[in-house]
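Remarks on the structure that follows.
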């Protein structure tokens, strides 16, 4: 039976009292989909105890972002987490996580001024602040993050390495709809037409990947292939299509062994992201 | 037998392999004196395993401060720590603690722009950065800090609370020489004359405490008593004498239940600090 826990103190007490063995942790903002479930299933499989959290973290939303309207459905989330085999589902309030104004500010200097970080100043600072708290509350051996948020994963890896957190950060592959659209809590905000077009983002990344596989190493020409296809086959507006080293997220003059090709596209009520890792020696999937 | 350990990986392996029980931790910058020993003795007494560290953290020294000349004596320190009952003495190099430029910056906004923080911008940011690392490497149940560095203790308490570190922060009373001078690694830099005068800092704080005990609640008048005595009886230059709420370290119009009276005095080659906690209901010691 999964237990729902609402305060840090209660969770720490529970984990201290039980024979947890190794702990796997899946932090989420809720409104779970198969992407989250794949993280939870890995956490359940690889650890004696699996903890998930649902917390829509105000610190990582900008003033004009969708904090208030971010979709929430706690009851359904709890059912899904329990089915996935989660032992403890942590759902704290903002008041219990931030009981007073914090004295500390965390700032990530690297890996943040590209991709989503460019249009979301302070976003990753908010992400690492809440993760520092959650990691100390849960004290996991492993924490699981989706590769869909590839920049988030890269930033978290730097954060954990810099501060010597005793936690393995595990990136889990993107889960997609049958038509290729990356699963996202924000997909519910697409209109019917937009939903039909949205898989073209992934198709565009794959088209660019083919250009790379044929030997193209100029980042601009690889990017152009994706941009052209997104513009041609969707009504969305491109926020970015970028090609960077991975996980350093630095600009490239020539694509080397390993890079990320990532896109963000704005539709009327949702901004979708997707990415592919380009590896020179890997066969196309 | 105490073991000396020089890398985070080795320490984490050791601690994982042994039946540590509860861990007490004493982070230091070395050149140990009785002040440190009193922290170590508490850690040994209150925990199954006691870990101390010696690391002169470059991040907490300003460009014109005494990082290079900070006194070091590893052999003597190791003997003293072993005698105090420490199980593991962690002495990492700067390279193993900071193998590359960090992506993260930590910044303490509160409790830092007063007392020593005013003349040492960034100092406490460096302190909490290295402590985040050390806390994750050692994973102690309790960590011990001297009340001599009262501001440091207050900042660390806010840091640990803000980020939910599962660690009890324990403040240990100031250890003094027979003549009242607070023990400090920097005392060795005093000239003979300065060493003879230096106990007057504590006497000045006690004189001000008497003014408070007689009912004075105006901070300026309490401070004036200390300033007058330091100026009259030492050749040092006052960096500050301040009276603030404790542990919030906020300015006071009237001294309430609990406050800190703290002084920093510059001598030719050393800057000494000392403090007293003023408590309205406590008898004078």
Q) How long are the semi-axes of the ellipsoid equivalent to the stretch B:122-253, from square roots of 5 times the Cα gyration tensor eigenvalues, in whole Å, largest first? A) 31, 20, 13
Q | Ranked A:188, B:175, criterion: other C-beta atoms within 10 Å, fewest first | A | A:188, B:175
Q) Got a sec? How would B:266, A:214 order by Cβ neighbour count within 10 Å, fewest to most? A) A:214, B:266
(Q) Which of rounded, prolate or oblate describes the stretch B:3-172 when judged by the alpha-carbon gyration tensor and an a/c cut-off of 1.5? (A) rounded
**Q.** Peptide B:245-252 - average C-beta neighbours from other chains (10 Å radius)
**A.** 0
(Q) Let me make sure I get this right: for chain A, a, b and c are the square roots of the gyration tensor eigenvalues over alpha carbons, sorted descending. Under 1.5 in a/c it's rounded, otherwise prolate if a/b > b/c, else oblate. Which is it? (A) prolate
Q | Candidates B:146, B:35, B:215: whichever shows maximal mean-square fluctuation once chain B is modelled as a Gaussian network with Cα springs under 10 Å | A | B:215
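With a cut-off of 8 Å between alpha carbons and a minimum separation of six or more residues, what is the relative contact order of the stretch A:185-276 in percent? Mind showing how you got there, number by number?
On the way: 150 pairs, mean separation 28.7, N = 92.
After rounding, I find 31 percent.
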Q: Would you mind giving the mean number of other chain beta-carbons within 10 Å of the Cβ of each residue in B:265-273, as a whole number?
A: 0
**Q.** Pairwise label distance in nanometres, residue B:46 with residue B:254, each label 7 Å out on the Cα-Cβ vector
**A.** 3.5
Q: Sort shortest first the distances from residue B:72 to its counterpart in every other copy, using label points 7 Å along the Cα-to-beta-carbon line, and give them in nm.
A: 5.3
Q | Virtual paramagnetic centre 7 Å along Cα→Cβ of residue A:269, amide N under 14 Å, in the stretch A:191-227 | A | A:191-195
Q. Against the longest alpha carbon principal axis of chain A, how many degrees, from 0 to 90 and to the nearest 10, is the axis of helix A:8-17 turned?
A. 70
Q: May I ask for the angle, rounded to the nearest 10°, between helix A:150-162 and the longest principal axis of chain A, with both axes built from Cα atoms and the value confined to 0 to 90°?
A: 50
Q. Angle, helix B:199-213 long axis vs. longest principal axis of chain B, Cα atoms, 0 to 90°, nearest 10?
A. 60
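Over the stretch B:3-172, what is the mean sequence separation of C-alpha contacts under 8 Å (at least six apart), divided by residue count, expressed as relative contact order in percent?
Taking the mean separation of contacting Cα pairs over the length of the stretch B:3-172, I get 30 percent.
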Q. Given springs between every Cα pair under 10 Å in a Gaussian network model of chain A, which of A:263, A:198, A:158 has the largest fluctuation?
A. A:158
Q: Between residue A:79 and residue A:113, take the C-beta separation as r, use R0 = 45 Å, and let me know the FRET efficiency to the nearest 0.05.
A: 0.70
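Run lengths n ≥ 4 of DSSP H only: what is the helix-derived mean residue ellipticity at 222 nm for chain A, with -39500 (n - 2.57) per run over all residues, to the nearest 500?
On the way: 10 runs with 108 residues, N = 285.
Mean residue ellipticity, 222 nm, calculated: -11500 deg cm²/dmol.
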Q.
List, shortest first and in nm to one decimal, how far the label point of residue A:251 (7 Å from Cα along Cα→Cβ) is from its counterparts in the other copies.
A. 4.5
Q) Between the stretch B:1-72 and the stretch A:240-263, what is the C-alpha centre distance in whole Å? A) 41
Q.
I need to check one value: relative contact order of chain A, counting alpha carbon pairs closer than 8 Å and at least 6 residues apart, in percent.
A. 17
Q. In the Gaussian network model of chain B, springs joining C-alpha atoms below 10 Å, which of B:253, B:209, B:105 carries the largest mean-square fluctuation?
A. B:105
Q) What gaps in nm, shortest first, separate residue A:217 from its twins in the other copies when you place the label 7 Å past Cα toward the beta carbon? A) 7.7
Q: Please give the average number of partner chain Cβ atoms lying within 10 Å of the Cβ of each residue in B:97-103, rounded to a whole number.
A: 5
Q) Hey, fewest Cβ within 10 Å first, where do A:142, B:221 land in order? A) B:221, A:142
Q. At q = 0.14 Å⁻¹, what base-10 log of I(q)/I(0) does the Debye formula yield for the stretch B:185-276 when every alpha carbon is treated as an equal point scatterer in vacuo?
A. -0.48
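Every read-out reported here was derived from the displayed coordinates using simple, explicitly stated rules and does not represent laboratory data. From a predicted model like this one, the values you see are computed outputs, not experimental measurements. Here the Cβ is made from the backbone with ideal geometry for all residues, glycine too, and neighbour counts use every protein chain on show.
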